[in-house]
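Below is one structure; the comments refer to it alone.
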Amino acid sequence: MKYKKSYFILLLLLLVLLICTSLANARSNSPVTVFIIDTKVDFAFVENLAMDGQINHGSVVGRIIYQEVPEVNLRSYSVEEEGSINEQLYYDALRKIASYNKEYPNQRIIVNISLGFSKAGDKHKTLINDLVNRGVIVIAAGGNESSEQAIYPAGFKGTVAVGNATADAKAASSNYGDFIDLCAPGSVKYISRLYLPQGVTVKSFKAVGTSFSAPRVVALLAKLLTLQPNLSGQRGLDLILNNTDVIDDPKYEQGLLGTGVINVDRTLAQVDPYYYFKAYGINVLWGLVFIILSIYWFNKYQIGGLFLTILFFLVVFPVAFLLQELLLVDGQNLWYAYKQLEVVDYLYLMLVPVVILKITSWQSKFVLVNYLLGLLLLALNIDLPNIFSCSTTMYLRSGLGLITLLFWGGERLRIYQAKYVIINIFIV
């Protein structure tokens, strides 16, 4: 009993550490205002990938920023008219941002412009220079013509021009040249789903371009500024530029891709001495949970414990690792994710363990393990369709069923009590 109590205390302490790490990650110190000049931004999609939200260019730009810095004060101006950019609306947006800056001179302001014009224009240059001179950080997409020719406002002095690249190479479509300041990955894929009696309705968006590289730089800068209330926008930008990674591309060696591709971890660590602990400490804690549970199960169930350890290592641990950001790091994102659940999902979660306990004699603790695993898989089912195809939904539900059978089979074989594995699966 004393042995069991020690395990319980250790796991409880690890749980407290996990919660503290989560709270540390979710904390923000100072609001930052980010303006998006783009097509219409639908905040239903930006905040929770709502099915009834619009998955368009501006909304995806907003989502990229929001998912990294949900505490940011996000504002937008739509400059689209009949499917194209209206220059007058665009100029009006720049003027409105300048007016906002006059009204709130102490606010740190970042502007994301994921669009461009082939010609500079004196009026355009004057409006951008006015913002830059006021200390507003203007970050713009570098263009997708695979050309060395600058587009504007990215080509204006004082504007941060962003190319599309990873550490491995420049994206084929990305512009390059002396006007590019730095690069960031520019591929995105989002899927929203809605459960209906007749099936699952899906909306998706997949694209590549500097339009989606720019908001990643904006998000990183906004994160820096929220972590450090006294950090100026220019100083934060300097930290990003000074902590980029080299790009394995001839254009980088020629000085045509700026300082390199952004390195989020190294940059954030410059302003937060505990950043690596908060970012990766959870992984270490999960590993300790796995080790402690493995030792406990093996000591108690022997061969059965080995079975549980293997199952935990192959299924639960990887799932928890993938879900750490969704389930632990940011409670607000977790709330938004679970708001997507329909009634059928909640009924599904409740029905499975209830039915099993009512119609079988299986031990409740093993049913509970299966139930918790089901919760993890369903959460994974919500989050990963943004990365993989929508068919992941059905695959994960099938996987849940198979893993459930694995638990039931293990319990029916009595391997939790036996010192050897019984081969006959039909033993009652």
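Only the coordinates and a few stated rules stand behind these numbers; no lab work does. Just so you know, these numbers come straight off a predicted model, no measurement behind them. Virtual Cβ from ideal backbone geometry, glycine too; neighbours counted across all protein chains shown.
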Report summary line: segment 31-269: relative contact order from alpha carbon pairs under 8 Å, six or more residues apart, as a whole percent, is 19
Report task. Let me know the charge dipole size of segment 71-159 about its Cα centre in debye, to the nearest 20, where only the beta-carbon of Lys, Arg (+1) and Asp, Glu (-1) is charged. Result -> 460
Query raised in the report: So if R0 is 22 Å, what FRET efficiency would Ala172 and Ser84 give, r being the distance between their Cβ atoms, rounded to the nearest 0.05?
Result: 0.30
Query raised in the report: What pairs from Lys102/Lys278; Lys96/Lys170; Lys157/Lys189; Lys119/Lys251 go past 27 Å between their alpha carbons?
Result: Lys102/Lys278; Lys96/Lys170; Lys157/Lys189
Query raised in the report: Residues with beta-carbon under 11 Å from that of Ile240, excluding Ile240: net charge, scoring Lys, Arg +1 and Asp, Glu -1?
Result: +2
Report task. Show me 98-105, 168-175 ranked by packing, highest mean number of other Cβ atoms within 10 Å first. Result -> 168-175, 98-105
Query raised in the report: Where does the charge balance sit around Ser59 when Lys and Arg score +1, Asp and Glu -1, over other residues with C-beta under 9 Å from its C-beta?
Result: 0
Report summary line: Other residues with Cβ under 9 Å from the Cβ of Ala167 give, with Lys and Arg +1 and Asp and Glu -1, a net charge of -3
Query raised in the report: With charges set only on the Cβ (+1 for Lys and Arg, -1 for Asp and Glu), what does the dipole of segment 31-269 come to about its Cα centre, in debye to the nearest 20?
Result: 420
Query raised in the report: In whole Hz, what ³J(HN,Hα) sequence does segment 239-254 give by Karplus (6.51, -1.76, 1.60; θ = phi - 60°), x for Gly and Pro?
Result: 4, 5, 5, 7, 10, 7, 9, 5, 10, 7, 8, x, 5, 5, 5, 8
